[in-house]
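The values are calculated or read from the model by the stated rules, or taken from the named source; none is laboratory data. Please read all numbers here as calculations on a predicted model, not as lab measurements. Neighbour counts are summed over all protein chains in view; Cβ atoms, including those assigned to glycine, are modelled from backbone coordinates with ideal geometry. We work out accessible area using only protein heavy atoms, side chains counted, and drop any ligands, DNA or RNA first. Shrake-Rupley method; radii C 1.70, N 1.55, O 1.52, S 1.80 Å.
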Amino acid sequence: MKRSLRAILAHGNPGPARRRGKALPAYRAGRVSGDDAPPIPRLVPSSDAALLAVLAAEPSESATAAVLALRAALAASPPPGLVDLRPAYTSLLVVFDPRTTTHEEIERIVMPLLPPPGLALAPAERTVEIPVCYEGECAPDLADVARGAGLAPEEAAALHAGASYRVAFLGFSPGFAYLLGLPPGLATPRLPAPRLRVPAGSVGIAGGQTGLYPRATPGGWRLVGRTPVPLFDPGREGASLLLPGDAVRFVPVSRHDFDLFSKGPR
């Protein structure tokens, strides 16, 4: 048992590049044991006020299940000094007040809450339907994405809208949702150079992920659609429309309906 606990507590020493080069293929093949593989899970001090719990080697539904399970466990019984819990694809950042507690104390509390490997993603507590226009200037990169997938633009739009998505986490800007579930055939690299301004509500693809821009910002994701629904409003209760763990369903709408909704009460 003591050996196992020491293995979990890896404090940010990645080891020589040669060891990392041997270990990465093992992670991707699901072989995370052995002397050359950094242990998973592991707890890594991230700053003087944060501890990073690394729960998986790469994004997956199981990784998100582990991240959300640990987040829920800590939220249900917050340790003294807890400030925030910030999920990502494979890790959870535990932010604390160093005037109140220490890394060692947070580690002691987090350790028994680490989820078992291979955890399944729990059914979503809610499903959010989001109308998306996949036409014209709402989808300036849809043709390129479709060409890469060997599909007509209409087929690519139908494939994107027909998939089942889950929100893994929020990041980049307030309310920006990173979604799991993009059909592999639609995976497309980012643009060679980012746009200076991506319209609010844009639905983008970057590699094997899809996400939504809640506000106008620069961005390099391929834009395949746009929603007229406000995704983030700091003036309403529950500022972000989407939350980690939510199921998301995209509902295709015409440009006419998009314009009608956009002109309506917001």
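Some notes on this structure:
- The stretch 81-113, subset under 19 Å from the mean Cα position of the chain (by Cα) and not in a strand (DSSP E or B), residue surrounded by the fewest Cβ atoms within 10 Å (Cβ to Cβ): TYR89
- Among the candidates VAL167, VAL229, VAL203, the residue that is within 16 Å of THR127 (Cα to Cα) and outside any loop (DSSP other than H, G, I, E, B) is uniquely VAL167.
- Restricting the stretch 171-199 to residues that are closer than 30 Å to GLY235 by Cα and open to solvent by 50 Å² or more (accessible area, probe 1.4 Å), the residue that is nearest to the chain's Cα centre (by Cα) is PHE172.
- Restricting attention to the stretch 44-80, the residues being open to solvent by 30 Å² or more (accessible area, probe 1.4 Å), closer than 15 Å to VAL95 by Cα and touching a strand residue (DSSP E or B) at 6+ places or on another chain (Cβ under 7 Å) number 5.
- Number of positions in the stretch 139-170 that are within 30 Å of PRO234 (Cα to Cα) and more than 23 Å from the chain's Cα centre (by Cα): 1
- Yes/no for LEU243 being under 20 Å from PRO59 (Cβ atoms) and either in contact (Cβ under 8 Å) with a residue 12 or more places away in the chain or open to solvent by less than 30 Å² (accessible area, probe 1.4 Å) (or both): yes
- Residue tally, condition touching a residue at least 60 places away in the same chain (Cβ under 8 Å) and crowded, with 16+ Cβ neighbours inside 10 Å, over the stretch 151-162: 4
- From the options PRO80, PRO98, PRO41, PRO87, residue that is more than 18 Å from PRO244 (Cα to Cα) and touching a helix residue (DSSP H, G or I) at 6+ places or on another chain (Cβ under 7 Å): PRO41
Let's see how each residue does on (1) over 30 Å from ALA75 (Cβ atoms); (2) of a type in the set (Ser, Thr, Tyr):
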| position | (1), (2) |
| --- | --- |
| ALA120 | no, no |
| ARG126 | no, no |
| GLU155 | yes, no |
| ALA161 | yes, no |
| TYR165 | no, yes |
| PRO174 | no, no |
| LEU180 | no, no |
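- For the stretch 20-60, the set of residues classified as over 20 Å from LEU113 (Cβ atoms), at pLDDT 90 or above and not in a loop (DSSP other than H, G, I, E, B) consists of SER47 only.
- Residues in the stretch 60-73 that are more than 18 Å from SER46 (Cα to Cα) and either out of contact with any Leu (no Cβ under 6 Å at 6 or more places or on another chain) or not acidic (Asp, Glu) (or both): SER60, SER62, ALA63, THR64, ALA65, ALA66, LEU68, ALA69, ALA72, ALA73.
- Being open to solvent by 40 Å² or more (accessible area, probe 1.4 Å), modelled with pLDDT under 95, of a type outside the set (A, V, I, L, M, F, W, C) and not in a helix (DSSP H, G or I) is a property that does not hold for GLY15.
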